[in-house]
């Protein structure tokens with residue numbers, strides 16, 4: 001049976017003030033948007049699969065924060081080891097080729113760490129891609145990008161969940177780091193939902209977004225029942241179930 005499995009990856013970045021000031025000393029026009037002044041403060045990976053019958057199954061959802069592991073380097077070791085142990089599964093990001101992947105490459109260069117196979121640049125590769133950028137897939141041959149939040153709103157994802165999507169500031173308190181962990185994990189779920197809708201639009205056999213989304217959300221809630229956005233996710237599942245009942249009536 002043709003089963004497609006993905007590792008939805010999301011990062012939360014912050015700009016390093018010391019690096020920023022060093023860049024400004026050489027180039028006063030340098031700003032916080034420069035990729036080279038960004039560092040990783042949190043990362044999460046959510047594994048999910050869709051088989052030839054349109055059924056969804058999920059693996060682990062894992063996350064790491066700089067607070068939990070001590071520093072960026074230790075966090076990256078955990079993330080890279082996790083991806084390396086699943087080297088046969090492609091990594092899925094949204095806009096990752098523009099920011100997330102370059103930041104990970106720069107960090108790997110700084111710490112002398114080998115990138116996992118999915119993130120290694122292999123010019124001339126033939127066959128399945130080890131890294132899939134959903135933002136690039138949606139853009140296609142066009143010139144304009146859609147933000148994931150815009151895509152989610154167009155899909156009918158509740159505003160309460162989408163509002164939680166934009167990036168957050170660097171935490172200062174212990175509790176804020178826990179909130180950041182919830183934030184980066186939710187982003188992985190939202191990315192999985194967007195990818196599922198995209199696969200449906202591409203004509204994937206037997207795939208129906210409603211049942212697939214319910215399965216993804218239910219699996220997420222089983223693994224993270226205390227998530228800060230759990231009530232909103234439950235409301236969304238109930239909304240999807242009500243819609244399916246109407247269709248069946």
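Every number in this text was worked out from the coordinates using simple rules, so none of it is lab data. Please read these numbers as outputs of a predicted model, since none were measured by experiment. Glycine gets a Cβ as well: all are built from the backbone with ideal geometry, and neighbour counts include every protein chain shown.
Quick notes on this one:
- Candidate set from region 148-184 (those that are out of contact with any helix residue (DSSP H, G or I) (no Cβ under 8 Å at 6 or more places or on another chain) and not in a helix (DSSP H, G or I)); member that is nearest to residue 94 (Cα to Cα): 167
- The number of residues in region 175-198 being surrounded by fewer than 18 Cβ atoms within 10 Å (Cβ to Cβ) and either within 16 Å of residue 162 (Cβ to Cβ) or within 17 Å of the chain's Cα centre (by Cα) (or both) comes to 2.
- Flag if residue 97 is exposed (fewer than 15 other Cβ atoms within 10 Å of the Cβ) and within 17 Å of the chain's Cα centre (by Cα): yes
- Filter result for residue 187 (in a helix (DSSP H, G or I), closer than 14 Å to residue 94 by Cα and out of contact with any helix residue (DSSP H, G or I) (no Cβ under 7 Å at 6 or more places or on another chain)): yes
- Checking each residue in region 230-249 for being over 20 Å from residue 160 (Cα atoms) and part of a helix (DSSP H, G or I) picks out 244, 245, 246, 247, 248.
- Residues that are assigned to a strand (DSSP E or B) and surrounded by fewer than 18 Cβ atoms within 10 Å (Cβ to Cβ), drawn from region 43-54: 49
- Any chance residue 227 is within 17 Å of residue 45 (Cα to Cα) and not in a helix (DSSP H, G or I): yes
- Conditions (1) out of contact with any strand residue (DSSP E or B) (no Cβ under 9 Å at 6 or more places or on another chain); (2) under 23 Å from residue 227 (Cβ atoms); (3) surrounded by fewer than 18 Cβ atoms within 10 Å (Cβ to Cβ); number of the one not met by residue 148: (3)
- Residue count for region 227-249, restricted to those that are more than 29 Å from residue 2 (Cβ to Cβ) and over 20 Å from the mean Cα position of the chain (by Cα): 9
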